[in-house]
Amino acid sequence: MNFHWRIQGQDYDLTQRGMVMGIVNVTPDSFSDGGRYLDTGRAVEHALTLVAEGADILDIGGESTRPGADPVDEAEELKRVLPVIRAVRSETKTLISIDTMKANVARAALEAGADIINDVTGLRGDPMMCRVAAETEVGLVVMHMLGTPRTMQQQAVYEDVVAEVQTYFEERLHILAEQGIAPERIVLDPGFGFAKTLEHNISLMQALPLLAVQGRPVLVGVSRKTLISRLLESDDVNDRDWPTVALTSYSRELGARIVRVHQVKANMEALRMTEAILGPKE
């Protein structure tokens, strides 16, 4: 099966070579690096470092979506992300993703130079988000989540988590197509850690080949997440980086095409090594 992602009218072939999405949190409260890159200058410096390490995409966000996180108002989110996007765009042609649930933030970010909308609500949280997406040719990340970041962990109840995520993806692709959004522009994110228990996360990881619904590429975002600390029985965030690398390699072997990570270089190397071993017969 061939995997392509259409972004701004250009097709990116992910069949043999996947993408690394580097995380740039312009927030005071993200679970792993909250506050470290809230300053615009430091955020831009970090983003360019990720590019130098091999990032294919920079995912810039101004609102934490960690479990229990409080929402951020639109004006504050814009204040955080727009200067960073503008500055990064002036320095590099690397793809930029805006990590937001708000249509107005997405629109402003696209005008500032972003190429992708990464919406943890799957374009459901803001009724205007579909219109923003339909009026552009940007790439889209459609994620699975129940509830909101503040309430999601109380809603992690499934009869069959794999089947329900599959059904969700089928429904979203159908609805978005009716809104004028071509499936070729969409990649699917199972939402590891978003309204999922440890057991749900493991089941979804094992079932990755089944989640490429309608042949759409799958994005995996497990970097430094709590599921790793649960398995390692360690609360130290620094203990989560090498397990993230292991999961990058494993998820690529199972068919993931994009990984969203904090540390780019090590995960990029793991991705490339795994792809070399898989070879063209995959």
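The values are calculated or read from the model by the stated rules, or taken from the named source; none is laboratory data. The shown structure was predicted, so the numbers you read here are calculated from the model rather than taken from an experiment. Glycine also receives a Cβ, built like all others from the backbone with ideal geometry; neighbour counts cover every protein chain displayed.
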Return the residue satisfying two criteria in turn: it lies in region 195-212 and is part of a loop (DSSP other than H, G, I, E, B) and at pLDDT 95 or above, and of such residues it is surrounded by the fewest Cβ atoms within 10 Å (Cβ to Cβ).
Ala207
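Which members of region 242-257 meet the condition of being among the hydrophobic types (A, V, I, L, M, F, W, C) and crowded, with 18+ Cβ neighbours inside 10 Å? It would help to see each step written out before you state the result.
Restricting attention to region 242-257, the residues satisfying the condition of being among the hydrophobic types (A, V, I, L, M, F, W, C) are 242, 245-247, 254, 256.
Matches in region 242-257: Val245, Leu247, Ala256.
Do we find that Thr121 is surrounded by fewer than 22 Cβ atoms within 10 Å (Cβ to Cβ), within 13 Å of the chain's Cα centre (by Cα) and β-branched (Val, Ile, Thr) in this structure?
Values: surrounded by fewer than 22 Cβ atoms within 10 Å (Cβ to Cβ): yes; within 13 Å of the chain's Cα centre (by Cα): yes; β-branched (Val, Ile, Thr): yes.
Criteria met by Thr121.
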Taking region 213-241 and keeping residues over 27 Å from Tyr168 (Cα atoms) and either surrounded by 17 or more Cβ atoms within 10 Å (Cβ to Cβ) or free of Cβ contacts under 8 Å to residues at least 24 places away in the same chain (or both) leaves Ser229, Leu232, Glu233, Ser234, Asp235, Asp236, Asn238, Asp239, Arg240, Asp241
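Kindly evaluate Gln10 against the criterion of being more than 28 Å from Leu146 (Cα to Cα), surrounded by fewer than 20 Cβ atoms within 10 Å (Cβ to Cβ), touching a Pro at 6+ places or on another chain (Cβ under 9 Å) and at pLDDT 95 or above. Outline the logic, then answer.
Numbers: more than 28 Å from Leu146 (Cα to Cα): yes; surrounded by fewer than 20 Cβ atoms within 10 Å (Cβ to Cβ): yes; touching a Pro at 6+ places or on another chain (Cβ under 9 Å): no; at pLDDT 95 or above: yes.
Taking the combined requirement at face value, the residue does not satisfy it.
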Those residues of region 139-172 which are within 28 Å of Gln8 (Cα to Cα) and touching a Lys or Arg at 6+ places or on another chain (Cβ under 7 Å) amount to Gly139, Leu140, Val142
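Being at pLDDT 95 or above and surrounded by fewer than 15 Cβ atoms within 10 Å (Cβ to Cβ) is the filter; apply it to region 13-41 and report the residue that is nearest to Leu278 (Cα to Cα). Steps first, answer last, please.
Narrowing region 13-41 to residues at pLDDT 95 or above: 13-24.
Subset that is surrounded by fewer than 15 Cβ atoms within 10 Å (Cβ to Cβ): 13, 15-17.
Values: Asp13: 16, Thr15: 11, Gln16: 9, Arg17: 11 Å.
Within region 13-41, the match that is nearest to Leu278 (Cα to Cα) is Gln16.
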Could you say whether any residue in region 52-66 is in a strand (DSSP E or B) and either among the small types (Gly, Ala, Ser) or more than 19 Å from the chain's Cα centre (by Cα) (or both)?
yes
